[in-house]
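The block underneath contains the structure these notes are about, expressed in structure tokens.
The numbers here are math on the coordinates, done by the rules we state, and not lab data. Predicted model only: the values in this text are computed from it and were never measured. All Cβ positions, glycine included, derive from the backbone under ideal geometry; neighbour counts span all protein chains shown.
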Amino acid sequence: MPDLDGELRFDAASLATAASDFGGLIRQEPAAVLRPGSPEDVATMVRYCRERGLQVAARGQGHSTYGQAQVPSGVVIDLGALDSVEVREDAAVAVVQAGARWSALVRACLGKGLTPPAFTDYLELSVGGTLSAGGLGGQIGRHGTQVANVLELQVVTGEGELTTCSPTARPDLFRAALGGLGQCAIITRAALRLVPAPRSVRFYTLMYPSVAALTAQQERLIREARFDYLIGQVLRTPDGWAYMLEAAAYDATAADDTRLTDDLGALSAEAQDIGYFDFLNRLAPLVKEFEAMGEWQRPHPWYDSLLPASSVHQVVTRTLDGLEAEALGRSAVILLYPVLTAKCTTPLPVMPDGELVYLFSLLKTASEDAHPAEEMVAANRRQYDVTVEAGGRWYPIGSVPLTRDDWARHFGPFWDEFAAARRRYDPDGVLTPGQRIF
Ligand SMILES: Cc1cc2nc3c(=O)[nH]c(=O)nc-3n(C[C@H](O)[C@H](O)[C@H](O)COP(=O)(O)OP(=O)(O)OC[C@H]3O[C@@H](n4cnc5c(N)ncnc54)[C@H](O)[C@@H]3O)c2cc1C
């Protein structure tokens, strides 16, 4: 065994955890799990595995849904062990190890009056995990994706080299690591841009009668940059579907309501004041509820896509038409919100053509009384084909069986650069087989 600062585990509990994820659909047991004691451990283990023909997968919080962080008979590196956070107040930069959760990072930043500008809607994901995916959220209209706010990365390549990269140092590695699904390097540390934190948030929910009415307002609002945060959801009601716009204005008060929402033609509008951390963390109570229902522990065949503005209406309407409750599960969430591609300044995650696109997500749960998980996965594949036909892309965090050709098509014009980076930085294909790309 190599000399390590951390610990290599072979016990049944560690192996079982590494063989599972939030999706609960795939189960592949590794031979060992490394709890690294340092970034050098990550490099040592990658080199050790490479020499022996073993594969390696980084694991953050295991919130993948289709085995993306698993590796059969290889080594899972549990980055949760590397979770330090340093906030450099004077430079407005956070230097954070990849295993830290966003909840810990934001708490550390708020103590200094600062915050990362862009978040996912759930804070218990690891920094390395969301930077490997892209990190989409309601602040995207103002600040882009999470990967668009990274200044520098420390990574371990598939050759086991511990190095740093940035827009100016080894930019090809930087471009392939951000949103790069762990294919060229394991992120061990990131330097992230910070901005002043708001003290409070005025949070609005507005209801609309149709996809067209919702997206018309979303398009206008994101182009005007009227709000600091903007998303949307499709809700099932006894009378059919309802369309909800959720928007937030930082440091606003009730006195701003007329200016912000009076001309938005909603069927109804509600507003509330909420502290900034509670706003960012507002999924937490819902997660507790889902845990108590047993829904959080059920399989999650999720589907996430990005659609061009020109086809969003047609695809969403066609998808929702006749969509049975059993096809989504009891605790399903359907997201529909706009993304300004000009704010997403990294090549990954791949966006459809056009300056305005929409995230459309079917976050399903295979509840006891719903369709079986395998049926939901098959439906995801059909939805993927509909997405591609409509000029869309998938956001690769979900549960869709894809072929190598699908992947090459998915990356589109970036494929050649991405494949070249893989050959350069992971020539033996050691890293992250669970994504099934190469
Ligand atoms: C409840 C929930 C809410 C979510 N909300 C959002 C959202 O609002 N916006 C959004 O964009 N996404 C969202 N996601 C998706 C999420 O961003 C991705 O699934 C992310 O990869 C999960 O992070 P993790 O730490 O659990 O990663 P893991 O599941 O542990 O790993 C995910 C993938 O990244 C690789 N990986 C992990 N860490 C590293 C690293 N340090 N270096 C290189 N590769 C690594 C793994 O090998 C694996 O392939 C959500 C997921 C869940 C379950």
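Things worth noting here:
- The chain - charge dipole about Cα centre, Lys and Arg +1 at Cβ, Asp and Glu -1, debye rounded to 20: 600
- Calculated mean residue ellipticity at 222 nm for the chain: -8500 deg cm²/dmol, from DSSP H runs with n ≥ 4 weighted as -39500 (n - 2.57), summed, divided by the residue count and rounded to 500.
- Rounded to the nearest 10 degrees, the inclination of helix 415-425 to the longest alpha-carbon principal axis of the chain is 30 degrees.
- Between 0 and 90°, nearest 10: helix 309-320 axis offset from the chain longest Cα axis: 90
- Taking the number of Cβ atoms within 10 Å of each Cβ as an exposure proxy, the fewest-first ranking of LYS364, LYS112, LYS343 is LYS112, LYS343, LYS364.
- Relative contact order computed over the chain (Cα-Cα under 8 Å; 6+ residues apart), in percent: 17
- Here the 3J(HN,Hα) profile of region 349-366, calculated from phi with Karplus coefficients 6.51, -1.76 and 1.60 at θ = phi - 60°, is x, 5, 10, x, 5, x, 7, 10, 9, 10, 7, 10, 10, 10, 8, 8, 10, 7 Hz, Gly and Pro shown as x.
- Nearby lysines by direct alpha-carbon distance to LYS288 (threshold 27 angstrom, same-chain neighbours under 8 apart not counted): LYS364
- Karplus-derived 3J(HN,Hα), 6.51/-1.76/1.60, for each residue of region 392-406, Hz, glycine and proline x: x, 10, 8, 8, x, 10, x, 10, 9, x, 10, 8, 4, 5, 4
- Helix 373-389 axis versus longest C-alpha principal axis of the chain: approximately 70°, rounded to the nearest ten.
- Net length gained if the chain between ARG236 and THR168 were fully extended (0.36 nm per residue, minus Cα distance): 19.7 nm
- In this label model, ALA255 and ALA225 are separated by 2.4 nm, measuring between points 7 Å along each Cα→Cβ vector.
- Using the Cβ-Cβ distance between SER268 and GLU326 with R0 set to 25 Å, the FRET efficiency from 1/(1 + (r/R0)^6) comes to roughly 0.30.
- With a cut-off of 14 Å between beta carbons, the residues surrounding ALA370 carry a summed charge of -3, where Lys and Arg count +1 and Asp and Glu -1.
- Around ARG226: net Lys/Arg minus Asp/Glu count, Cβ-Cβ under 14 Å: -3
- Note, ³J(HN,Hα) from phi for region 76-90, Karplus 6.51, -1.76, 1.60, rounded to Hz, x at Gly and Pro: 8, 9, 7, 6, x, 6, 10, 9, 6, 10, 10, 9, 9, 4, 5
- The slack in the chain from MET293 to ARG423, taken as 0.36 nm per residue of separation less the alpha-carbon distance, amounts to 42.2 nm.
- Footprinting exposure proxy for PHE438, PHE119 (fewest neighbouring C-beta atoms within 10 Å first): PHE438, PHE119
- Note on region 283-314 and region 357-382: Cα centroid distance 9 Å, given to the nearest whole angstrom.
- Each part reduced to its alpha carbon centroid, region 105-122 and region 212-228 end up 25 Å apart.
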